[in-house]
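Engineer: My structure is below; once you've seen it, I'll send some questions.
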Amino acid sequence: MLMISPRMTTAQEKQFPPSLQNFFIYNPKLGPREGEEEKKILFYHPTEVEKNEKIRNVGLCEAIVQFTRTFCPTKPAKSLHTQKNRQFFHEPEESFWMVMVVSNPIIERVNKDGSTVVEYQEDELLDTVYGAVIQQCYSMYKLFNGTFARSMELGGVELLIQKLEKFFFRSRDLLDVFGGISFFPLDKMTYLKIQSFVNRMEENLSLVKYTAFLYNDQLIWSGLEQDDMRILYKYLTTSLFPRHMEPELIGRDSPGRGGMTGNLHHYGRFLTGPSNINDPEIPIRFPRIFVNTKDKYEELHLIVYKAMSAAVCFMIDASVEMTREFCQKLDSLVGPQLTLLASDICEQFNTNKRLSGPEKEPHFKFIYFNHMNLAEKTTIHMRKTASMCLTSVHPDLMKILGDINSDFSRADEDEEIIVKAMTDYWVVGKRSDQRELYVILNQKNANLIEVNEEVKKLCATQFNNIFFLD
């Protein structure tokens, strides 16, 4: 058992959170000679940094990587800790390096004599979290642009630099270490309806190569490989869907059920592609994604179509020209059926909620992740968008969760860690057979045995037959 006291500031103190100082991508092979060092730099943020400073920072990182290789040639440095900041290194492709520099949090304290003391919180940043962030930066870039090497093959350094200029970066929390997928719970009959819908759509729209089906931002069906779906899911739920927020239509002006055809009203609409498929002046263009980049390297059109809370992604070979007629056919075919299916799912979900009785405010919050199928479940995260990830717990508790995750990553066997915070909270981490569960309990006067019993109850109700730890 660990005793941890969250850091509290007083009126005489100011806290400054961590911030991104630099983010750059370089290839040491592009500027091997003296005087050509700038050619190594493919992307650098912030852009206003003076040229010599960029060269100096890249050269320092290159030296660190080379130096650490002398100790372990197969595993170069992943991070460098200093008093003021922390640097993270990632080599996603041979000789292509991504580097992220994040400032350590600061506490500024005013002494009685009026002088100011700056204290750097060197242990507050988690390597596992920020290491996962930089890896996901690359994965998201690759989904929409392909690999760095492929861009070089197609258009040289100029094309790669042009693509990287569109690269956007934000940092996250523990959930990004996993990069998991939230699955929507369904009964067998409703799941079969969705499977039947997907089969019918792929049969009638023969151009479709892969399909994914989501409801309430949770995945129900996917024909993509797991790693590709993981990145696409992140893009959909944190970027595309939040940009197209709409009021829930279920229960208000729902279309009639009897004899609905493609000519009658429905709630379907395109989230990607032209804003109006019937306007001949608007070109028919859809975003492209790259999947199976390790094997076949497929380039696909991404069509995302939504009706109420249900969304379906159709992926079509990029060599096929998208036409207005195809979009109109898809709209008339998918729109009515997806609208009815969304209504069915909502009815089933609401029925199950009524049968399960009124929900009580739980005295615990949790994150669950399954490494085998990427399944993720959380009551800690209220909302995720491209610019923020709102959590319902204090940052100090999120830090404890990250520390436990770091401990798990260093050990191979199943284990359990219980932490007592110096507040009303207990934090528990359990790992069993590639599954991880993190629980935060608000129980001021509980003891270790009572906390253990509460976690057992949670496992029995929410995760039956998953954890076998005593």
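The values are calculated or read from the model by the stated rules, or taken from the named source; none is laboratory data. Please read these numbers as outputs of a predicted model, since none were measured by experiment. Positions of Cβ are generated from backbone atoms using ideal geometry, with glycine treated the same way; all protein chains shown enter the neighbour counts. The accessibility values were calculated without ligands, DNA or RNA, using every heavy atom of the protein model including side chains. Shrake-Rupley method; radii C 1.70, N 1.55, O 1.52, S 1.80 Å.
Engineer: Using the heavy atoms of the protein chains alone and a 1.4 angstrom probe, what is the accessible area of the range 14-108 per residue in square angstrom?
Structural biologist: Working: 5350 Å² over 95 residues.
Averaged over the residues of the range 14-108, the accessible area is 56 Å².
Engineer: Also, I was wondering about something else. In square angstrom, what is the accessible area per residue of the range 129-169 with a 1.4 angstrom probe?
Structural biologist: Accessible surface, normalised per residue, equals 46 Å².
Engineer: Further, regarding this structure: Which aspartates and glutamates, if any, have their Cα less than 14 Å from the Cα of K430, not counting same-chain residues under 8 positions apart?
Structural biologist: Counting by Cα, and skipping residues close in sequence, K430 has these aspartates and glutamates nearby: D403, D407, D412, E413, D414, E415, E416, E453, E454, D470.
Engineer: Could you state the number of Å between the C-alpha centres of the range 284-298 and the range 419-452?
Structural biologist: Computed from Cα coordinates, the inter-centre distance equals 43 Å.
Engineer: Check the straight Cα-Cα distances from K294 and name the aspartates and glutamates below 15 Å, setting aside those fewer than 8 residues away within the same chain.
Structural biologist: Qualifying aspartates and glutamates at Cα under 15 Å: E93, E94, E225, D227, D228.
Engineer: Using the per-residue mean of other Cβ atoms lying within 10 Å as a proxy for protection, in what order, highest first, do the peptides 90-97, 229-236 fall?
Structural biologist: 229-236, 90-97
Engineer: Which of the lysines could be linked to K39 by a straight reach, that is with a Cα gap under 25 Å, when you skip same-chain ones fewer than 8 residues away?
Structural biologist: Within reach: K29, K51, K54, K78, K142, K163, K166.
Engineer: What residues qualify as long-range amide H neighbours of L125, i.e. H under 5 Å apart, gap of 5 or more or another chain, H built at 1.01 Å from N?
Structural biologist: Amide H neighbours of L125: none.
Engineer: Follow-up. Please say if the range 271-313 is rounded, prolate or oblate, where rounded means a/c under 1.5 for a ≥ b ≥ c the square roots of the C-alpha gyration tensor eigenvalues, and otherwise the choice is prolate for a/b larger than b/c and oblate otherwise?
Structural biologist: oblate
Engineer: Follow-up. If I take R0 = 30 Å and measure r between the Cβ atoms of D412 and K296 in this structure, what FRET efficiency does the formula 1/(1 + (r/R0)^6) give, to the nearest 0.05?
Structural biologist: Using R0 = 30 Å, I get an efficiency of 0.35.
Engineer: Right, another one. Report the calculated FRET efficiency for Q162 and E34 (r = Cβ-Cβ distance, R0 = 41 Å), to the nearest 0.05. Each step should come with its number before you reach the end.
Structural biologist: Working: r = 27 Å, r/R0 = 0.66.
The computed FRET efficiency comes out at 0.90.
Engineer: Further question: Determine the gain in length on full extension of the stretch E225-Y191; use 0.36 nm per residue of separation and subtract their C-alpha separation, reporting nm with one decimal.
Structural biologist: Between E225 and Y191, full extension yields 10.3 nm more.
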